[in-house]
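Please read the structure below before turning to the comments.
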Amino acid sequence: MIFIFYLAMPISALADFSTELVECTDAQTLLLSCTGEGKNLDAALNAARRECLRWYLEQMLVDPAGASSLAERIELDRVVEMPRGAPTRGVGIKSKFRTEKGVRVSILTRLFRARLDSMLERLDALPEKLKAALQNTIVDIEVGKMEGGEKYRTTLDELARSFISSLGWSVLPRSFSKLKGKTVAKPNVLVELSAVRRTRKLDWGSGGKRLAVTYTVTAKAIDTVKNILIASSVRTGTERPLFSADAEWQAIRDSAMDAVCRMELALRRKIARAQ
């Protein structure tokens, strides 16, 4: 049985729980850490979920007030999961406190990005510059240096192409560079990827030592017309013991998903807010 206690203290004594993107679990889902306050627990949880939604909208919209207004119009239950109890499998209530206004909570929850993006399209809420970019931008992927993980070069390339194309961008096929002499649209954004593989021996009780692996993936978006860096992200994934056949694949997948996702969010934000 899990007991969660309320702590009574002035609000100024609480830690600053700002909204944070914890992890991009896949192209459809973001794991967020958010805070909310309300007269009771349910009201506080809904306020925290609404804050998660508002944070995502601010990534796309220039006007924070506009993001807050739009967040009130969107059906919350369809796009942000309701956490219950202590965190399990990444989702739950991290902490809750008594305040003068009632209850303040800090939560981990999932935001279902694909559903939300579809709603924004129906509401015609995306900035015109972002909509134009999604229609007119042609993306190519290039995998560069692979320190220690050369055999996963193709895996990294395929993960990035699948991820970015699923978010509405036009991505060239891997064979683009070989199509010499043919009329093919040239990319105006190049996504450069690189990865570093690290291993470490872990104590495994009576089983002795086990080798564990982590990958650090760097993702950069480059404007090929102006030859300037537009957005980038560097992420190191969870250390995974190599006791299963897919452990290493999972290690590079987690790092790649998170790095490419954060880079793509930064790219959208840069385009949406461009003067």
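The values are calculated or read from the model by the stated rules, or taken from the named source; none is laboratory data. Here the structure is a predicted model, which is why all the values come from computation and not from measurement. Glycine also receives a Cβ, built like all others from the backbone with ideal geometry; neighbour counts cover every protein chain displayed.
General observations
- Which numbered condition ALA48 misses (of (1) modelled with pLDDT of 95 or more; (2) within 30 Å of SER165 (Cβ to Cβ)): (2)
- In the range 176-197, residue farthest from the chain's Cα centre (by Cα) [restricted to those that are modelled with pLDDT under 85 and outside any loop (DSSP other than H, G, I, E, B)]: LYS178
- Residues in the range 198-243 that are within 24 Å of the chain's Cα centre (by Cα), assigned to a strand (DSSP E or B) and acidic (Asp, Glu): ASP223 only.
- Hits in the range 113-155 (condition: within 16 Å of GLU264 (Cβ to Cβ), in contact with a Phe, Trp or Tyr (Cβ under 9 Å, 6 or more places away or on another chain), in a helix (DSSP H, G or I) and touching a residue at least 40 places away in the same chain (Cβ under 8 Å)): ARG113, LEU116, ALA133
- Filtered residues of the range 244-253 (kept if in a helix (DSSP H, G or I) and either of a type in the set (A, V, I, L, M) or without any contact (Cβ under 8 Å) to a residue 24 or more places away in the chain (or both)): ALA247, GLN250, ALA251, ILE252
- Close contacts from the range 37-58, counting a first residue that is within 14 Å of MET82 (Cβ to Cβ) and a second that is part of a loop (DSSP other than H, G, I, E, B), with Cβ to Cβ under 7 Å and a gap of 6+ residues or different chains, come to LEU45/MET82; LEU45/PRO83; ARG49/MET82; GLU51/THR19; CYS52/THR19; LEU53/ILE74.
- Flag if LEU229 is in the same structural domain as GLY148 (by TED's automatic domain parsing), at pLDDT 95 or above and surrounded by fewer than 20 Cβ atoms within 10 Å (Cβ to Cβ): yes
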